[in-house]
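**Q** My questions will all concern the structure given below.
No lab work stands behind these numbers, since they all come straight from the coordinates. Computed from a prediction, not measured in an experiment: that's the story for all the values here. When we count neighbours, we look across all protein chains shown, and the Cβ atoms used for this are built from the backbone with ideal geometry, even at glycine.
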Amino acid sequence: MSVTFTLNGTPRTIDADPETPLLWVLRDDLKMTGTKFGCGIAQCGACTVHLDGDPIRSCQTLLEDIEGASITTIEGVNGKAAEAVKAAWSELDVPQCGYCQSGQILAATALLTETPKPTDEDIDYAMDGNVCRCATYARIRKAIHVAADKMEA
Amino acid sequence: MLHLLEKPLEAARPSRRSFLKMSAGALGGLMLALRMPGTARAASNAGDFAQPFVHIRPDNKVIVLIKHLDKGQGTASGLATLVADELDADAAQIETDFAPANVDLYKNLAFGVQGTGGSTAIANSFLQYRTAGAAAKAMLVAAAAGEWDVPAAEVTVSRGVVSHASGKSATFGELAGLAAAQEVPAEPALKKPEDWIYIGKSFARVDVPAKSSGAVGLYGMDHQADNMLVAVLARPPKFGAVPTSFDDAEARKIEGVVDVVSVPSGVAVLATSTWPAINARGLLEVTWDEAVAESRSTAEMAEELAAMTSEKGLPVPGGEGDADGALAQAANVIEVDYAFPFLAHAPMEPLDITVLYDGETATFWTGSQFQTIDQMVTAGVLGLTPDKIAINTTWAGGSFGRRAQPDSHYFAEAALIAKARLEAGNPPQPIKVVWTREDDIKGGYYRPMVAHKARVGFDEDGNVLGWQHRIATKSIMKGTSFEQFMVKDGVDATSVEGIGELPYSMPAFQAEVHNAETAVPVLWWRSVGHTHTGYVAETMMDRLAKQAGEDPLAYRLKHIKHDRLAGVLKLAAEKAGWDKPLPEGRYRGIAAVESFGSFVAEVAEISFREDGTVKVEKVTCAVDCGIPVNPDNIRAQMEGGIGYGLGAVLRNEITLTDGIVDQENFDTYLPIRMTDMPEIDVHIVPSEEAPSGAGEPGTPPIGPAVANAIAAAKDIWITDLPLSKHDLA
Ligand code: FES
Ligand code: FES
């Protein structure tokens, strides 16, 4: 069965088992490895992508669920919030091993798109589903505030 | 199809075992077997400057060859800083590449083999990489002097530009080919610390741009190759079990499944991509031989360990005075039992490895942490010489010790799968073995379970007379190629580090150790023995301070042996406002641990949520790790080390019920999250001592600092972890 959706702005038709999680379609079929595998059960957020702008877990989203949807991955995310987030991440040297960070960046971008000036509570709520085993959380929090300032400037 | 496996153990193990025996010797004397020609990448093109640690290309890029694994500790950037500084390069022209496996060129000078661990990366490379940078600079200068016909002493180098007062100047790239023809100076002059331009100041992390935009293709897990198969294994339900037969009829029905192969560590499904392999793995029916498997529960194992600490153990070197005698005379003895659980490392990137084996050579792609051991073990498994094993080290999505394998089990497993495929008549094909999170959490190689018993005797006035200490745990080093160096008279240094010799002086102190046995494989976990010895020593010190009616900081400083440990204690206390009252509902605890040559003190400030759980509000950390090469990276490592340690202290334990691991994934082995993370304030002690590590030393003090804060609040002493067992997390 083939499924058609928009990926990073470009229409794509994928012919694969419709029950394949989007994560593996991206990583294995499309060789787009920015989206990471961390747990496979919606517990870590390493596989976060945007579906029509909302952060979702691609390990729990089946190919058949995204017919007609617009998917954005770390390879394609752009716009004011995304640019501010990536710049803040770089400026504060947020990543350690880096493996969780594409998911963190997409979660933070979605937060700032919705809430340009988030409080610490907003950050707690939006980011608690994204695990970082290197525990870069303190810098992630700071970088989100820095990104918010950048967006204002 | 039902497959009966004949003696799966004998099939692969004897060669491996005898090989490991050989490798133990090899660490000392048989290294000759590993001698290999220079790095492949050193083969230079015309116009290239190619030395083992520094390549300069005509396009003016300087590539620093990184002999260590970078799994998030900033190692690559640290080594690049050392070269860039001595070379007077422009930071923007520096790139890094991981060095190939080659023990001659790239051994860890602290280990004698190529490998990363024990927070040694900067310490062992500090002179080596600076010397490499200085030599490259001297060769560029000599090349320019020859070309311009001026004395070398008049040629200067600044931020990537070589110049002379006459107005002549050239980039490194322009001079690279000429510089390559110069003699390599044996002892190039190194800069004085006051002339450093990057060391101790700041140098942009080489990996941050890529990691801030998705880290596409960076990790072993991301490795892709044409015609690649992905393997996922059904692994034994109990440690030590081996597959005896399997039924793969249902598994083979999954589209994309290519083959099913049995190896001693499990039954591998090979598919054209990951998802069918994961799916089909779940459909395998495997029968296991559990004859020698661990079938006990962790509750029983904990009882065994605790019982061992009631008996006299092997004496640990480093004691002082007559502890037994002191206890016999004591008017009053306190006895405290501690229990620590198994801990999984759970790095964000689960294990993965890609192998391509053609019968004569094997090439691997993965975040190899012990390249030399990985090379030797796979050579043994495949019946090749180590020089036929190439390892492409990738960036790793964390490790915390997990990828540092004395038995290279995940390399050996991949090699055996590739070998089985080839022997069955298949053509050579890249195979990526993927571990799922369940494989990772249930897969063993845990921080061992540990029991401690501290017995402290007092005279009638309450003065300490002596302290007798016992530890029972499974040795990490016994049975590995490191045994001959790390285990002396039955005492594994990593079981007792941090408490064999107490950092505080006591009238009498003696530690003893018992080596417990279990089929559960154990391994070093960020800061190794200090994960438990630091907790015990530092919570005991608070108890003794309380018993003496003294302030915990003052009591420590009265007994402390090492000035640098005292230094970080005082600095952390000062920055945390130790002598100032706290707002209502806030409590503080302090702890300090020396590990891997670095000294770290932490003050934890806590409160309690409405449900009674602990919220760590703030941690003030002071670190002395010698010359701070990259101060901001040291701060990052303290933050990460504290978070990692705190996560484990709050909620982590691996438990077994009748030999089966109870936890499976991040829903049952709960990782620290954003809402658990305290504010962290790091202070670095200025130092001219040789640099020591930063990756691990931030971890040990956080547990006892939090426990001491809980004791300050509630007058309860937590002696078994994690805190969630006590409804505190
Ligand atoms: S991999 Fe999808 S949430 Fe962890
Ligand atoms: S940076 Fe390593 S897991 Fe987040």
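**Q** Which whole-number percentage describes the relative contact order of segment A:2-72, with Cα contacts under 8 Å and a sequence gap of 6 or more?
**A** On the way: 130 pairs, mean separation 28.3, N = 71.
Relative contact order comes out at 40 percent.
**Q** Three principal axis extents, largest first, for the C-alpha atoms of the protein assembly as shown, in Å?
**A** 81, 80, 63
**Q** Would you mind giving the mean number of other chain beta-carbons within 10 Å of the Cβ of each residue in A:65-76, as a whole number? It would help to have the intermediate numbers written out before the result.
**A** Details: counts 0, 0, 0, 0, 0, 0, 0, 0, 2, 4, 3, 1.
That average works out to 1.
**Q** How do B:Arg455, B:Arg205 rank when sorted from fewest to most other Cβ atoms within 10 Å of their own Cβ?
**A** On the way: B:Arg455 19, B:Arg205 24.
Least to most surrounded, the residues fall as B:Arg455, B:Arg205.
**Q** Please give the charge dipole size of the protein assembly as shown, origin at the Cα centre, charges +1 on K and R Cβ atoms and -1 on D and E Cβ atoms. Round to the nearest 20 debye. Can you show the working numbers first?
**A** Details: 76 positive and 116 negative charges, 241 e Å.
Value, rounded to 20: 1160 debye.
**Q** Cross-link partners among lysines for B:Lys388, C-alpha distance below 29 Å, same-chain residues fewer than 8 apart left out?
**A** B:Lys7, B:Lys21, B:Lys67, B:Lys71, B:Lys107, B:Lys419, B:Lys432, B:Lys478
**Q** Once amide H atoms are built 1.01 Å from N in the peptide plane, which residues 5 or more positions from B:Lys67, or in another chain, come under 5 Å H to H?
**A** Sorted by chain and number, the residues that satisfy this are B:Ala99.
**Q** Tell me the mean residue ellipticity at 222 nm calculated for the protein assembly as shown from its helices only (DSSP H runs of n ≥ 4, each -39500 (n - 2.57), averaged over every residue, nearest 500). The partial results should precede the final answer.
**A** On the way: 23 runs with 271 residues, N = 882.
So the calculated ellipticity at 222 nm is -9500 deg cm²/dmol.
**Q** Using the charge dipole of segment B:193-269 (Lys, Arg: +1 at Cβ; Asp, Glu: -1 at Cβ; taken about the Cα centre), state which of B:Pro209, B:Gly240, B:Gly220 has its Cα farthest towards the positive end.
**A** B:Gly240
**Q** Keeping to pairs on different chains or 8 or more places apart, tell me how many lysine pairs in chain A have Cα atoms under 21 Å apart.
**A** Here the count comes out as 10.
**Q** May I ask what percent, to the nearest 5, of DSSP beta bridges between residues of segment B:24-213 are antiparallel?
**A** Details: 11 of 16 bridges.
Antiparallel bridges: around 70 percent, rounded to the nearest 5.
**Q** Normalised by the residues of segment B:394-543, what does the relative contact order come to in percent, with Cα pairs under 8 Å and at least six apart? Walk me through the numbers on the way to the answer.
**A** Details: 178 pairs, mean separation 38.9, N = 150.
That works out to 26 percent.
**Q** Please express the Cα-Cα pair-distance distribution P(r) of segment B:608-676 as a list of whole percents, one per 5 Å bin, running from 0 to the bin with the greatest distance.
**A** Result returned by the calculation: 3, 12, 19, 18, 15, 13, 10, 7, 3, 1.
**Q** Over all residues in B:215-225, what is the mean tally of Cβ atoms on other chains that come within 10 Å of each residue's Cβ? Mind showing how you got there, number by number?
**A** Values: counts 12, 9, 4, 6, 5, 0, 6, 8, 1, 4, 0.
Whole-number average of other-chain Cβ neighbours for B:215-225 is 5.
**Q** Check which residues have an amide H placed less than 5 Å from B:Ser262's amide H, if you skip close sequence neighbours.
**A** Counting only residues 5 or more places away or on other chains, the set is B:Ala268.
**Q** Further, regarding this structure: Residue by residue through segment B:339-350, which ³J(HN,Hα) values in whole Hz follow from phi under the Karplus form 6.51 cos²θ - 1.76 cosθ + 1.60 (θ = phi - 60°), with glycine and proline marked x?
**A** 9, 10, x, 4, 10, 8, 6, 6, x, 4, 8, x
**Q** Among B:Ala170, B:Pro151, B:Gln128, whose Cα projects farthest towards the positive end of the dipole of segment B:121-217, with charges put on the beta-carbon of Lys, Arg (+1) and Asp, Glu (-1)?
**A** The listed residue farthest towards the positive side: B:Gln128.
**Q** Enter the mean number of other protein chain beta carbons within 10 Å of the beta carbon of each residue in A:17-28, as an integer. If you can, show how the numbers build up before the last one.
**A** Values: counts 6, 0, 2, 6, 3, 0, 2, 7, 2, 0, 6, 11.
That works out to 4 on average.
**Q** Using only Cα atoms, find the angle between the long axis of helix A:101-114 and the longest principal axis of chain A, and express it within 0 to 90 degrees, rounded to the nearest 10.
**A** Between the helix axis and the principal axis of chain A, the angle is about 70 degrees.
**Q** Also, I was wondering about something else. Net charge near B:Thr116: determine it from the other residues with C-beta under 14 Å of the C-beta of B:Thr116, scoring Lys and Arg +1 and Asp and Glu -1.
**A** Details: positive: B:Lys67, B:Lys71, B:Lys107, B:Arg402, B:Arg403, B:Arg526; negative: B:Asp70, B:Asp374, B:Glu696.
Around B:Thr116, the surrounding residues sum to +3.
**Q** Under the classification rounded if a/c is under 1.5, otherwise prolate if a/b is larger than b/c and oblate if not, where does chain B fall, given a ≥ b ≥ c as square roots of the Cα gyration tensor eigenvalues? Walk me through the numbers before you get to the answer.
**A** Details: a/c = 1.87, a/b = 1.13, b/c = 1.66.
In terms of gyration-tensor shape, oblate.
**Q** Follow-up question, since we're still on this one. Relative contact order (percent) for chain A, with alpha-carbon contacts under 8 angstrom and 6 or more residues of separation?
**A** Across chain A, relative contact order equals 24 percent.
**Q** Report, for the protein assembly as shown, the % of DSSP beta bridges that are antiparallel, rounded to 5. Spell out each step's value before the answer.
**A** Details: 99 of 130 bridges.
Of all bridge pairs located within the protein assembly as shown, approximately 75 percent are antiparallel.
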